[in-house]
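Readers should treat all values here as calculations from the given coordinates under stated rules, not as data from a laboratory. Computed from a predicted model, the values in this text were never measured in an experiment. Glycine gets a Cβ as well: all are built from the backbone with ideal geometry, and neighbour counts include every protein chain shown.
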């Protein structure tokens with residue numbers, strides 16, 4: 001039996017102020033009944049909602065909600081351009097947070113945070129390759145054009161190495177190789193070489 005996470009309720013004190021923030025963030029305002037406001041982040045299948053009497057949690061108490069991005073630095077730049085206050089990009093070292101993205105942009109390792117006007121905190125996490133079992137191996141999709149472009153860039157770099165190993169000969173089957181690489185990367189299965 002499938003169970004899909006559809007909506008997460010966040011506690012806010014001022015619905016209109018929260019609405020303005022999430023619009024500025026670039027999230028889609030969904031059509032809903034009058035008693036709730038719902039937003040969906042670009043590329044996400046899960047939404048948030050808030051409104052009067054939607055939760056007994058105190059405003060600003062929602063923490064560590066993860067927003068997955070394929071390029072942490074590009075996302076950081078976009079948020080800054082939108083006027084969103086965003087932490088610097090960091091990664092976790094042995095003694096705590098370290099400034100800058102993780103070495104080699106190691107998947108799941110580069111982070112940044114944003115906070116809505118009530119103090120609900122969102123963690124941006126760069127994921128370039130999913131761990132095994134995180135995505136159905138038979139299903140490959142990209143939530144946005146930038147996710148697809150990032151996957152194509154990684155496939156192009158890997159394919160360049162593949163062609164070098166094959167003696168520098170142009171691979172006429174490169175579309176098939178890219179497709180296999182991108183599907184394997186999304187599913188967290190073994191990548192072609």
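Grab the Cα-Cα distance for residue 36 and residue 141, subtract it from 0.36 nm times how many residues apart they are, and report the gain in nm with one decimal. All intermediate terms of the calculation are to be shown ahead of the outcome.
Working: separation 105, 0.36 × 105 = 37.80 nm, distance 2.94 nm.
Contour length minus the Cα-Cα distance gives 34.9 nm.
Per residue, the Cα convex hull of the chain amounts to 159 Å³.
Rounded to the nearest 10 degrees, the inclination of helix 15-24 to the longest alpha-carbon principal axis of the chain is 20 degrees.
By the beta-carbon count within 10 Å of each Cβ, the least crowded to most crowded order of 95, 71, fewest first, is 95, 71.
Helix 145-165 and the longest principal axis of the Cα set of the chain meet at an angle near 20°.
Most simply put, region 7-126 has about 70% antiparallel DSSP beta bridges, counting only bridges with both residues inside it. With R₀ set to 41 Å, the beta-carbon distance separating residue 179 from residue 8 gives a calculated FRET efficiency near 0.80. Between residue 23 and residue 55, the simple spin-label model (points 7 angstrom out along Cα→Cβ) gives 2.2 nm. Dividing the mean sequence gap of close Cα pairs (under 8 Å, 6+ apart) by how many residues region 75-193 holds gives a relative contact order of 20 percent. Taking 0.36 nm per residue of sequence separation and removing the Cα-Cα distance, the residue 15/residue 88 pair yields an extension gain of 23.5 nm.
Ordered by the number of other Cβ atoms lying within 10 Å of each residue's own Cβ, fewest first, 62, 56 fall into the sequence 56, 62.
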